[in-house]
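Throughout, read-outs are computed from the coordinates displayed, never taken from laboratory work. Predicted model only: the values in this text are computed from it and were never measured. Please note: Cβ atoms are built from the backbone with ideal geometry, for glycine as well, and neighbour counts cover all protein chains shown.
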Amino acid sequence: MTPNEQMAAFTAYAASASRAGRSTGTDLVLIAALVTCGLVAGTYYAYACSVMLGLGRTGDRTFIEVMQKINAAIQNPVFFLAFFGALVFAGLAVWLQRGSGAGGALGWTIAALVLYSVSLLITMAANIPLNNRLDAAGDPAAIADPAAVREQFERAWIAWNIARALAATAAVACLGQALRSR
């Protein structure tokens with residue numbers, strides 16, 4: 001689709017939404033919440049179905065070194081925009097729908113906000129502390145027992161990553177349903 005076709009499609013959508021009595025601003029915020037939440041859910045999914053499987057086939061020191069580097073690299077503005085943006089956009093979407101008689105859409109948006117918040121809580125309470133513990137182990141070449149360090153990290157991190165992926169994915173589904181309900 002060319003940029004002109006995209007603009008025409010958006011203009012038609014906005015006009016249609018306006019005629020239907022819907023707030024295009026709220027719809028755009030819901031779309032932003034859906035996209036940012038989807039990006040984060042996709043990140044967790046990619047870890048679950050590729051990154052961790054690939055790293056699982058490496059030696060202990062390689063596993064530790066790569067995870068330390070990934071954990072440092074993911075702390076960047078692009079990831080944080082989606083990571084925190086999903087929460088902000090979902091919260092803003094709830095606020096914009098309050099008292100508007102949005103009915104089902106509001107309920108789905110609240111469910112998405114709760115589910116995405118659960119994924120954040122899992123990340124902050126489980127995955128980040130595990131990442132910090134792995135980082136604190138130091139240079140993988142100098143670790144006396146890398147197998148023990150890996151054992152204390154890998155299985156728990158993968159389990160919590162799957163839990164947060166499920167919560168974030170369910171939030172995406174709820175945001176999709178909220179948009180559909182509008």
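Here are the numbers:
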quantity	calculated
Efficiency of FRET between residue 173 and residue 62 - r from beta-carbon atoms, R0 41 angstrom, step 0.05	0.70
Relative intensity, log₁₀ I(q)/I(0), of the stretch 37-145 from a Debye sum that treats every alpha carbon as a point, q = 0.18, 0.23, 0.24 Å⁻¹	-0.95, -1.29, -1.35
Surface/4 of the Cα convex hull for the chain, nm²	11.9 nm²
The stretch 53-157, relative contact order in percent, only Cα pairs under 8 angstrom and at least six apart counted	40 percent
For 49, 37, order by how many other beta-carbon atoms lie within 10 Å, fewest first	49, 37
Residue 181-residue 76 FRET efficiency (beta carbon distance; Förster radius 41 Å; 0.05 resolution)	0.75
Trypsin sites (Lys or Arg not before Pro) within the stretch 48-131: DSSP coil, no more than 16 neighbouring Cβ in 10 Å	57, 98
Full-extension gain in nm, residue 145 to residue 24, via 0.36 nm per residue minus C-alpha separation	37.9 nm
Spatial separation of Cα centroids for the stretch 26-102 and the stretch 137-159, in angstrom	24 Å
Sorted by Cβ neighbour density within 10 Å, fewest at the top, the residues 109, 62, 123	62, 123, 109
